[in-house]
1. Among rounded, prolate and oblate, which fits segment 1-75 when a ≥ b ≥ c are the square roots of the eigenvalues of its C-alpha gyration tensor, a/c under 1.5 means rounded, and a/b larger than b/c means prolate?
2. Taking 8 Å as the Cα distance limit and 6 or more residues as the minimum spacing, I'd like the relative contact order of the chain as a percentage.
3. Taking other Cβ within 10 Å of each residue's Cβ, how do 77, 1 sort, fewest first?
4. If only Cα atoms are counted, what is the Rg of the chain, and what is its Dmax, in Å?
5. If each DSSP helix of 4+ residues adds -39,500 (n - 2.57) and the sum is divided by the residues in the chain, what number results at 222 nm, nearest 500 deg cm²/dmol?
6. Over what distance in Å are the Cα centres of segment 141-169 and segment 32-64 separated?
7. Listing 117, 15 from the residue with the fewest other Cβ atoms within 10 Å to the one with the most, what is the order?
8. Cut-off is 10 Å between beta-carbons; in what order do 140, 29 appear when sorted fewest neighbours first?
C-alpha cells in the first residue's frame, strides 16, 4: 500500500535500502552513543547480502516468499508508473473519498488523469460510486493494478489495505 502511494503521489519516490524486499528497520544504531539520539539511522541499515541471495533463490524457485512478493510487487508498480502519463507531471489534488479511512487524490498531466484511492484500514471500506463519477472518471473506470473494470453505478467496496490506481475507460 505505502509503496503504491509513494510511487504515485508525485516527485521522485524515496525508497530506503532494503524496502524493496521487506528488510526490517535496524535498531543497532542505538548501541552507538554518537548515533543513539538520531533516529534517521533506523532507515540506514547495513546491507544484508544474505537477504539478497535468499530473495534471488525464492524468485528463481517461485516459492512466493513474503520478500519475493514484495520485490515483485514493487517491480510491477514501477513498471506501471513508467507507462502512466498522468504521473509524469507535478499536479496533485486531494479528493474526498467520503470515507475517513480512504485517502484519495488525483494526478494529472498532459490531458491524462489518474485517481488514487488507498484504504488504510484493516476492514473493508465502501466508496460511493457517485464520488468516483464526479472525480472525472465517468461511468466506468479501470484499476491499473488489478486490471479490473468497475462501474460507478454501485458502491465500490475496497478490501483492507487495498490500493487502486483508477482511470476512465
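Throughout, read-outs are computed from the coordinates displayed, never taken from laboratory work. Just so we're clear, the structure is a prediction, and the values are computed from it rather than from any experiment. All Cβ positions, even for glycine, are placed from backbone atoms using ideal geometry, and neighbour counts span all protein chains on display.
1. Working: a/c = 3.25, a/b = 1.36, b/c = 2.40.
Here segment 1-75 falls in the oblate category.
2. Details: 279 pairs, mean separation 31.4, N = 169.
In percent, rounded to a whole number, it is 19.
3. Taking fewest neighbouring Cβ atoms as first place, the list is 1, 77.
4. 18.6, 59
5. Details: 4 runs with 41 residues, N = 169.
When only DSSP H runs of four or more count, the value is -7000 deg cm²/dmol.
6. So the separation of the two Cα centres works out to 33 Å.
7. On the way: 117 24, 15 13.
In increasing order of surrounding Cβ atoms, one gets 15, 117.
8. Ranking 140, 29 by Cβ neighbours within 10 Å, fewest first, gives 140, 29.
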